[in-house]
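Asks: I have a structure I would like to understand better, so I am pasting it below and will then ask my questions one at a time.
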Amino acid sequence: MAVSLLSHELSDLCLGKPALRSLSITSTIAEALEVLKTSDDNFVSIWNCDDVECCSRCVGKVCIVDVICYLCKDENLVSPSIALKQPVSVLLPKIPGLIIHVEPSCSLLEAIDLILEGAQNLVVPIKTKVFNNKRSKQQQKPFCWLTQEDIIRFLLSSIGLFSPISSFSIDTLNIISPNTLTIEYHSPASAAIGAISRALVEQTSVAVVDSERTLIGEISPFTLACCDETVAAALKTLSSMDLMAYIDCGGPPEELVKVVSAKLKEKNMNGMLQHFTVSMSCGGFSSSSSSDEEYSSSSMAVQVSPFPRPGRISRSMSYSARMVRRSEAIVCHPKSSLVAVMIQAIAHRVNYVWVIEEDCSLVGIVTFSDMLKVVRESFETMA
């Protein structure tokens, strides 16, 4: 069984994966935004060519959070229409190795090593058989990509092979990182913009805490990725606590919408004010799904909408994750087992889990990368 697991190639993990939505690096931010609003994926891949049909290499990826952070610059809030005409290349992080091209024959071990070296997405060519009369041939079609989540999900199907390590606590395995991105709940949300950008790159989140480091909630790039780009206005005008309420499922409270509008007007950010007003009048954060469900918390039933953007197709992954994020971040305790934390992260479609004590004080964070490091080390004894 161990030998069988180690012999897997990435082509085994690519079965059923959809082809990437692609854009040329010369495309505008507005064009990327339009693709993101109609995509099932949080990200769109960016390629180094003018014609995406003939592209040879993916050079990066962008999501709504990139656009939100970009629009948070004062000059872009004044005139977002001009900012959105800029090339999408201005959104790409200047960090090499985040996107790596690999062959379908790349081994599972090699893939894990690449991720541990810093890769976030492994771009794999999709091959299929095309039948032409009596003859068939293989033709390379578009690419798909694999993420840390895909690797972890695949490993969970054989988690028994990692016993007893899988049952050890994350504290015992020493994979709890105390280096967390945090902001106090009363601080301006704008103070977290840099941390949000960093969390997006690191695939983590920003913890919202009080003065005693009690975890209150989070400002998560994953949550922001399900939002409208006009959330940039809220990010620049609200406190961290109010921002969490603003991006909570079900849509922003009317009073906070009024606060954002008033502050934009006060700062003469007329371009974003107009963009924001149009977005709200078009439905803002109302649901784009015809199958809204209700989420009950204690005795209160709250209508849940998977963060709408006009024209956005709802995604079950967004809905399930937003349900548990209504009032609290996804957490575990130092004595939680490795397999329990892996399952918890996979179930909620996140790449990390916050670690807290019984009194809710923040201990640290455990990421997929931390988990893969432990699994990779255990491979040495399996080989």
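The values are calculated or read from the model by the stated rules, or taken from the named source; none is laboratory data. Small disclaimer: the values here were computed from a predicted structure and weren't measured. Cβ placement follows ideal geometry from the backbone for every residue including glycine, while neighbour counts extend to all protein chains displayed. Ligands, DNA and RNA are excluded from the accessible area calculation, which covers all protein heavy atoms including side chains. Shrake-Rupley method; radii C 1.70, N 1.55, O 1.52, S 1.80 Å.
Asks: Kindly report, to the nearest 10 Å², the accessible surface of ARG57 as traced by a 1.4 Å probe over protein heavy atoms only.
Replies: 110
Asks: For every other residue with a beta carbon closer than 15 angstrom to the beta carbon of GLY271, add +1 if it is Lys or Arg and -1 if Asp or Glu, then tell me the sum. Let's see the in-between values first.
Replies: On the way: positive: LYS73, LYS85, LYS236, LYS263, LYS265, LYS267; negative: ASP74, GLU75, GLU229, GLU266.
Here the charged neighbours net out to +2.
Asks: Sort PHE222, PHE368 by accessible area with a 1.4 Å probe, largest first. Working shown, then result.
Replies: Working: PHE222 35, PHE368 0 Å².
Result, largest first: PHE222, PHE368.
Asks: Further, regarding this structure: Probe 1.4 Å, all protein chains in place: accessible area of THR172 in Å², nearest 10?
Replies: Accessible area of THR172: about 100 Å².
Asks: Taking 25 Å as R0, compute the FRET efficiency from the Cβ-Cβ separation of GLU103 and SER158 and round it to 0.05. Write down the numbers at each step before the final one.
Replies: Details: r = 23 Å, r/R0 = 0.92.
Rounded to the nearest 0.05, the efficiency is 0.65.
Asks: Let me ask you something else. Taking every eigenvalue of the Cα gyration tensor of the range 12-81, multiplying by 5 and rooting it, what semi-axes result, largest first, whole Å? Don't skip to the answer; put the middle values down first.
Replies: On the way: eigenvalues 130, 43, 18 Å².
Rounded to whole Å, the semi-axes are 25, 15, 10.
Asks: Could you tell me whether the range 186-276 comes out rounded, prolate or oblate from its Cα gyration tensor? Rule is a ≥ b ≥ c as square roots of the eigenvalues, rounded for a/c under 1.5, then prolate if a/b exceeds b/c, otherwise oblate. Kindly include the intermediate steps, with their values, before the conclusion.
Replies: Numbers: a/c = 1.76, a/b = 1.53, b/c = 1.15.
Taking the square roots of the gyration eigenvalues as a ≥ b ≥ c, the range 186-276 is prolate.
Asks: Take the alpha-carbon positions of the range 74-126, form their convex hull, and give its projected area averaged over all directions (one quarter of the hull surface) in nm². Kindly include the intermediate steps, with their values, before the conclusion.
Replies: Numbers: hull surface 22.0 nm².
The Cα convex hull of the range 74-126, projected and averaged over all directions, gives 5.5 nm².
Asks: With the Cα gyration tensor of the range 168-229 giving a ≥ b ≥ c as the square roots of its eigenvalues, does the rule (a/c under 1.5 for rounded; else a/b larger than b/c for prolate; else oblate) give rounded, prolate or oblate? Please list the in-between numbers first.
Replies: Numbers: a/c = 2.30, a/b = 1.42, b/c = 1.63.
Since a/c reaches 1.5 but b/c is at least a/b, the shape of the range 168-229 is classed as oblate.
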